[in-house]
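> Once you've had a glance at the structure underneath, I'll fire off some questions.
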Amino acid sequence: MSRLGSHSFVRLLKCNVRCVRICGGQRFKSNEPSEFEHPVSRTIRVLKGDVKNYFSLPEGEKTFRKQHFLSGHCDVLVIGGGIMGSSIAYWLKQRARQGLHVVVVEKDPTVIPNNVLCYTSASTVLSVGGIRQQFSVPESIQMSLFGAEFLRNVKKHLYVEGHDPPDVQFTPTGYLFLATEKGATQLEENYKLQQELGAKNELLSPTKLKEKFPWLNTEDIALGCHGLRDEGWFDPWSLLDGFKKKAINLGAEYIQGEAVGFKFKSMPDVMVEGVEPGTYEALDSLLIKTPSGDIHPIKFGLCVIAAGPQSGAVAKMARIGNGAGYLQFPLPVEPRKRYVYAFNCPNGPGLNTPLTVDPTGAYFRREGLAGSFIGGRSPDVDKEPSTENLDVDHQFFDDYIWPHIAKRVKAFEGLKVNSAWAGFYEYNTFDANGIVGLHPYYQNLYLATGFSGHGIQHGPAVGRAVMEMIIDGGFKTIDLSRLSFDRIITGNPILENNIW
Amino acid sequence: MRLSNFESSVRGSEDNQLSGWRKSFKERGEWTSKFELFSPKTSSEGLIMRMIRAPIDLRPGVIKRWWKNKKEEYEMFEQSYIPDRHEILGNDLAAAHFVMYRGGKVKFSNENKWRAGKEHGLPNQKEPGYDLEAVDASDVNLYYQGLFNFKDLKYLKSLRLRNCRHMDDWCLDYISGELGTLEELDLQNCQNITERGLACLYRLQHLRYLNVNGIPQNRSFELTCLLLEETIPGLTIEGVDYVKQ
């Protein structure tokens with residue numbers, strides 16, 4: 001038997017789905033025809049269905065109303081309904097429309113009635129919402145540029161009839177990266193790469209820095225890099241909501257439930273490179289625990305793991321990390337708690353405050369106009385806080401953040417912390433960069449996770465990349481093949497030189 | 001397959017791209033599938049495929065909106081940056097040609113009068129001495145893509161964008177990052193601008209005059225204008241009323 005490669009598998013699926021669609025305007029949930037149907041009566045039924053659809057509700061409304069009927073199977077199952085999952089669902093539905101049945105499974109508990117999912121601990125909504133092109137990995141720069149272009153046209157992309165277009169409230173203020181003598185050469189190299197790929201920023205010497213930002217203490221700073229275009233921050237909740245509403249409007253189905261396991265199907269005829277013949281076991285369906293406590297299986301054609309910080313745990317359910325051969329390598333994504341503090345400093349820097357990143361990793365930015373700021377810092381490796389809950393350690397600010405930002409900005413010596421919150425990074429412990437692509441063992445499992453704090457700005461680009469992988473079989477817009485799971489197996493990390 | 005064999009052949013391989021162990025049968029040339037006939041060789045699948053997949057929606061409102069989007073797309077494409085134009089004419093003349101073709105006016109630093117109209121008599125090649133000093137693109141209906149034509153203008157002092165509906169915060173981001181020499185910026189009636197875009201104008205350190213008449217205002221907007229006047233010495237903002245009755 002020949003290998004059922006991913007390309008041919010998807011095409012087989014699409015042919016099947018096309019047949020199902022031709023079988024009538026309604027969507028059948030099974031692939032087998034029930035009884036023999038006379039061709040003439042079938043033609044009349046199809047035409048009647050099409051005429052009825054012309055006058056009926058748009059696709060999405062119908063799906064949204066079928067709240068109590070959970071699909072038994074689907075074409076593409078996305079585990080995780082945060083920015084990555086919703087972006088993937090949006091791009092898939094926008095390209096394939098009725099050609100692919102997409103289901104998104106999200107576990108965050110419902111708080112508001114009417115089945116509105118309320119994301120309380122998802123990383124997306126707790127994010128600071130920054131977007132920047134100042135990376136050293138070319139793929140990250142390209143993804144951010146794409147993200148900025150998407151956000152610029154978000155009102156057109158995510159427009160849903162009958163609702164206001166989403167307003168992501170982008171504040172274009174730029175990022176300012178500061179480097180000491182040690183890091184100046186690296187900063188300059190990064191700057192050259194960013195210019196090459198189309199970003200616009202400027203290198204500033206300490207005198208220029210002092211001129212532009214008089215509140216800055218440039219004592220030990222050798223070089224600064226200031227972003228001049230497409231950098232700033234926006235509202236992650238609006239973007240997530242926009243993606244979700246548009247995906248639902250185009251026909252994606254959002255299910256509330258927690259993934260608790262996979263069902264496997266032994267396929268001894270399938271030959272996969274690197275797997276002993278006769279031992280291949282494919283992923284067949286996902287077991288979901290619904291809010292009422294029932295376990296509900298969903299059979300899928302393709303699965304995408306976009307579960308954020310819990311992706312490592314979900315991958316373990318699929319035997320990634322506790323199997324043999326390719327399956328011995330676990331998905332190295334785990335939650336890491338990060339704190340964000342909101343503080344007030346009336347005589348602090350004014351309007352001219354980009355998101356300033358200190359060489360120590362401490363960052364702060366202006367929030368609003370009345371002297372409020374937001375700041376944080378990634379802890380050192382040995383001081384990682386526990387990830388059991390989202391409680392904030394206020395001592396962390398006093399010990400690890402305040403000394404650095406007070407040194408950088410004299411006025412911050414007299415600041416006062418108003419509030420704080422914590423969120424989880426979907427931290428890739430291997431090299432802190434995203435993992436995108438097909439898993440080497442499973443021919444129907446895609447990964448889109450591990451972005452370690454940059455998920456929100458790379459969301460639109462990654463969604464599009466996964467859509468192209470699924471439908472076109474390869475990357476077409478941005479080539480993310482370097483970010484595949486392979487590098488974990490071969491042990492080649494792609495390290496970012498400034499990551500906070 | 002023994003695990004130790006597998007591990008030694010995998011780790012230590014330098015090339016991260018699909019090296020020997022990851023090349024599929026197809027890529028090694030050992031086997032091909034008949035499904036290759038259906039593979040989309042290019043990513044653009046054309047109008048027909050998209051029409052087949054989308055539900056049939058022929059309501060007049062939808063068709064009108066589709067037509068309006070198409071016209072906008074065309075207009076944005078028309079206004080996009082053409083590298084050849086800037087190579088042949090130089091940055092200043094290219095921007096001047098762009099603006100005047102669309103009904104705007106320009107002023108060069110060595111002359112005292114505004115030039116306008118399609119028959120402008122400007123040179124068709126790079127010529128020294130033509131430094132763009134002022135651009136009046138009011139009522140030109142400029143899009144974000146159109147702004148890219150204003151590139152590397154070292155002497156530009158004044159930019160007027162009255163009644164340009166499509167100017168929004170992203171455009172201000174571009175203007176403040178690219179046109180650092182601006183002294184006068186007129187944004188009258190640009191309805192899509194908010195205080196967030198206005199705040200990034202702090203980058204224009206030489207700005208002396210800013211007109212924000214007709215832009216929907218609220219407390220944050222007025223506060224931003226106040227802070228802008230503080231941050232940029234010598235700036236006056238017209239069109240904002242700080243003292244409310």
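> Looking only at the range A:306-350, count every residue that is outside any loop (DSSP other than H, G, I, E, B) and in contact with a Lys or Arg (Cβ under 7 Å, 6 or more places away or on another chain) and tell me the total.
Step one: of the range A:306-350, the residues outside any loop (DSSP other than H, G, I, E, B) are A:308-317, A:325-328, A:333-344.
Okay, now just the ones that are also in contact with a Lys or Arg (Cβ under 7 Å, 6 or more places away or on another chain), so A:327, A:343-344.
Here the count works out to 3.
> Within the range B:78-93, is there a residue that is out of contact with any Gly (no Cβ under 8 Å at 6 or more places or on another chain), surrounded by 15 or more Cβ atoms within 10 Å (Cβ to Cβ) and of a type in the set (S, T, N, Q)? Break it down into steps so the answer makes sense when it comes.
Of all residues in the range B:78-93, those out of contact with any Gly (no Cβ under 8 Å at 6 or more places or on another chain) come to B:78, B:81-93.
Checking the rest, the ones that are also surrounded by 15 or more Cβ atoms within 10 Å (Cβ to Cβ) come to B:81, B:85-86, B:89-93.
From what's left, of a type in the set (S, T, N, Q): B:91.
Yes, the range B:78-93 contains a residue that is out of contact with any Gly (no Cβ under 8 Å at 6 or more places or on another chain), surrounded by 15 or more Cβ atoms within 10 Å (Cβ to Cβ) and of a type in the set (S, T, N, Q).
> Condition first: within 14 Å of chain B (Cβ to nearest Cβ) and closer than 13 Å to A:Ser205 by Cα. Now tell me which residues in the range A:160-185 satisfy that.
A:Leu176
> Take the residues in the range B:124-137 that are open to solvent by 20 Å² or more (accessible area, probe 1.4 Å) and assigned to a loop (DSSP other than H, G, I, E, B), then tell me which one is modelled with the highest pLDDT.
Per the criteria, the residue is B:Asp131.
> Quick check on my filter: what residues within the range A:321-350 are under 20 Å from A:Glu413 (Cα atoms), of a type in the set (A, V, I, L, M, F, W, C), surrounded by fewer than 22 Cβ atoms within 10 Å (Cβ to Cβ) and touching a Phe, Trp or Tyr at 6+ places or on another chain (Cβ under 7 Å)?
A:Val340, A:Cys345
> A:Lys93 passes all but one of (1) among the charged types (D, E, K, R); (2) modelled with pLDDT under 90; (3) buried (at least 24 other Cβ atoms within 10 Å of the Cβ); which number fails?
(2)
> Can you say whether B:Tyr144 is among the aromatic types (Phe, Trp, Tyr), surrounded by 17 or more Cβ atoms within 10 Å (Cβ to Cβ) and closer than 29 Å to B:Gln191 by Cα, as far as the supplied structure shows? Please lay out each step first, then the result.
Working: among the aromatic types (Phe, Trp, Tyr): yes; surrounded by 17 or more Cβ atoms within 10 Å (Cβ to Cβ): yes; closer than 29 Å to B:Gln191 by Cα: yes.
When the stated conditions are applied, B:Tyr144 passes them.
> Still on this structure: State all residues of the range A:251-277 that are crowded, with 18+ Cβ neighbours inside 10 Å and in a loop (DSSP other than H, G, I, E, B); if no residue qualifies, say none.
A:Gly251, A:Ala252, A:Gly257, A:Val270, A:Val272, A:Val275
> Within the range B:57-101, track down each residue that is within 14 Å of another protein chain (Cβ to nearest Cβ) and in contact with a helix residue (DSSP H, G or I) (Cβ under 6 Å, 6 or more places away or on another chain).
Selection gives B:Met76, B:Ser80.
> Which residue out of B:Cys190, B:Cys225, B:Cys200 is more than 10 Å from chain A (Cβ to nearest Cβ), closer than 23 Å to A:Glu149 by Cα and not β-branched (Val, Ile, Thr)? Show your work before the answer.
On the way: B:Cys225 fails: closer than 23 Å to A:Glu149 by Cα; B:Cys200 fails: more than 10 Å from chain A (Cβ to nearest Cβ).
The match here is B:Cys190.
> Looking only at the range A:228-249, which residues are within 14 Å of chain B (Cβ to nearest Cβ) and touching a strand residue (DSSP E or B) at 6+ places or on another chain (Cβ under 9 Å)?
Hits for the range A:228-249 are A:Leu228, A:Arg229, A:Asp230, A:Glu231, A:Gly232, A:Trp233, A:Phe234.
Yes/no matrix, rows are residues, columns are (1) in contact with a Phe, Trp or Tyr (Cβ under 9 Å, 6 or more places away or on another chain); (2) surrounded by fewer than 23 Cβ atoms within 10 Å (Cβ to Cβ); (3) outside any strand (DSSP E or B):
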| site | (1), (2), (3) |
| --- | --- |
| A:Glu413 | yes, yes, yes |
| A:Ala420 | yes, yes, no |
| A:Tyr425 | yes, no, no |
| A:Val436 | yes, no, no |
| A:Phe451 | yes, no, yes |
| A:Arg482 | no, yes, yes |
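> Do we find that B:Glu36 is modelled with pLDDT under 90, under 30 Å from A:Ile494 (Cβ atoms) and within 12 Å of chain A (Cβ to nearest Cβ) in this structure? Reasoning before the result, please.
Working: modelled with pLDDT under 90: yes; under 30 Å from A:Ile494 (Cβ atoms): no; within 12 Å of chain A (Cβ to nearest Cβ): yes.
Answer is no for this residue.
> If A:Gln395 passes every condition in (1) open to solvent by 10 Å² or more (accessible area, probe 1.4 Å); (2) touching a strand residue (DSSP E or B) at 6+ places or on another chain (Cβ under 8 Å); (3) part of a helix (DSSP H, G or I) but one, which one does it miss?
Against the list (1) open to solvent by 10 Å² or more (accessible area, probe 1.4 Å); (2) touching a strand residue (DSSP E or B) at 6+ places or on another chain (Cβ under 8 Å); (3) part of a helix (DSSP H, G or I), A:Gln395 comes up short only on (2).
> Taking the range B:125-156 as the region of interest, how many residues are without any contact (Cβ under 8 Å) to a residue 40 or more places away in the chain, in contact with a strand residue (DSSP E or B) (Cβ under 7 Å, 6 or more places away or on another chain) and not hydrophobic (A, V, I, L, M, F, W, C)?
Total meeting the criteria: 3.
> Quick one: which of B:Leu161, B:Leu172 is open to solvent by less than 40 Å² (accessible area, probe 1.4 Å) and more than 14 Å from every other protein chain (Cβ to nearest Cβ)?
Just a single option satisfies the conditions, and that option is B:Leu161.
Rundown of residues vs (1) open to solvent by 20 Å² or more (accessible area, probe 1.4 Å); (2) of a type in the set (Ser, Thr, Tyr); (3) more than 25 Å from B:Glu195 (Cα to Cα); (4) assigned to a helix (DSSP H, G or I), yes/no style:
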| residue | (1), (2), (3), (4) |
| --- | --- |
| A:Ala199 | no, no, no, no |
| A:Thr207 | yes, yes, yes, yes |
| A:Lys210 | yes, no, yes, yes |
| A:Asp220 | yes, no, yes, no |
| A:Leu239 | no, no, no, yes |
| A:Lys244 | yes, no, yes, yes |
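> Might you let me know whether the range A:469-481 holds any residue that is free of Cβ contacts under 8 Å to residues at least 40 places away in the same chain and touching a strand residue (DSSP E or B) at 6+ places or on another chain (Cβ under 8 Å)? Walk me through it before giving the result.
We begin by selecting, within the range A:469-481, every residue free of Cβ contacts under 8 Å to residues at least 40 places away in the same chain; these are A:469, A:472, A:474-476.
Right, trim to touching a strand residue (DSSP E or B) at 6+ places or on another chain (Cβ under 8 Å) and you get A:469.
For the range A:469-481, residues free of Cβ contacts under 8 Å to residues at least 40 places away in the same chain and touching a strand residue (DSSP E or B) at 6+ places or on another chain (Cβ under 8 Å): present.
Condition check ((1) more than 10 Å from chain B (Cβ to nearest Cβ); (2) among the acidic types (Asp, Glu); (3) under 18 Å from A:Leu151 (Cβ atoms)) across all residues:
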residue	(1), (2), (3)
A:Leu447	yes, no, no
A:Val462	yes, no, yes
A:Ser481	no, no, no
A:Arg487	no, no, no
A:Asn492	no, no, no
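> Among what's in the range A:184-197 and is surrounded by fewer than 17 Cβ atoms within 10 Å (Cβ to Cβ) and not hydrophobic (A, V, I, L, M, F, W, C), pick the residue that is farthest from the chain's Cα centre (by Cα).
Top of the filtered list is A:Thr185.
> Taking the range B:200-245, which residues are in a loop (DSSP other than H, G, I, E, B), among the hydroxyl-bearing types (Ser, Thr, Tyr) and closer than 21 Å to A:Arg366 by Cα? Step through it out loud before you land on a result.
Residues of the range B:200-245 that are in a loop (DSSP other than H, G, I, E, B), as a first pass: B:204-208, B:212-218, B:232-235, B:239-245.
Keeping just the survivors that are among the hydroxyl-bearing types (Ser, Thr, Tyr) gives B:242.
Those that are in a loop (DSSP other than H, G, I, E, B), among the hydroxyl-bearing types (Ser, Thr, Tyr) and closer than 21 Å to A:Arg366 by Cα: none in the range B:200-245.
> Considering each residue of the range B:120-158, count those that are touching a Phe, Trp or Tyr at 6+ places or on another chain (Cβ under 7 Å), away from chain A (no Cβ under 14 Å) and either at positive phi or aromatic (Phe, Trp, Tyr) (or both), and give that number.
The qualifying residues number 1.
Rundown of residues vs (1) over 14 Å from the mean Cα position of the chain (by Cα); (2) at pLDDT below 90; (3) in the same structural domain as A:Ile374 (by TED's automatic domain parsing); (4) within 24 Å of A:Val102 (Cα to Cα), yes/no style:
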{"residue": "A:Phe412", "(1), (2), (3), (4)": "yes, no, yes, no"}
{"residue": "A:Trp421", "(1), (2), (3), (4)": "yes, no, yes, no"}
{"residue": "A:Asn433", "(1), (2), (3), (4)": "no, no, no, no"}
{"residue": "A:Ala448", "(1), (2), (3), (4)": "no, no, no, yes"}
{"residue": "A:Ile456", "(1), (2), (3), (4)": "no, no, no, yes"}
{"residue": "A:Val462", "(1), (2), (3), (4)": "no, no, no, yes"}
{"residue": "A:Met467", "(1), (2), (3), (4)": "no, no, no, yes"}
{"residue": "A:Ile470", "(1), (2), (3), (4)": "yes, no, no, yes"}
{"residue": "A:Arg487", "(1), (2), (3), (4)": "yes, no, no, no"}
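> Go over the candidates A:Cys225, A:Cys303 one by one and state the one that is open to solvent by less than 20 Å² (accessible area, probe 1.4 Å), in a strand (DSSP E or B), within 14 Å of another protein chain (Cβ to nearest Cβ) and not β-branched (Val, Ile, Thr).
A:Cys225
The values are calculated or read from the model by the stated rules, or taken from the named source; none is laboratory data. Note that the structure is predicted; figures quoted are calculated from it, not measured. Glycine gets a Cβ as well: all are built from the backbone with ideal geometry, and neighbour counts include every protein chain shown. Just the protein is used for accessible areas: all its heavy atoms, side chains included, with ligands, DNA and RNA removed. Shrake-Rupley method; radii C 1.70, N 1.55, O 1.52, S 1.80 Å.
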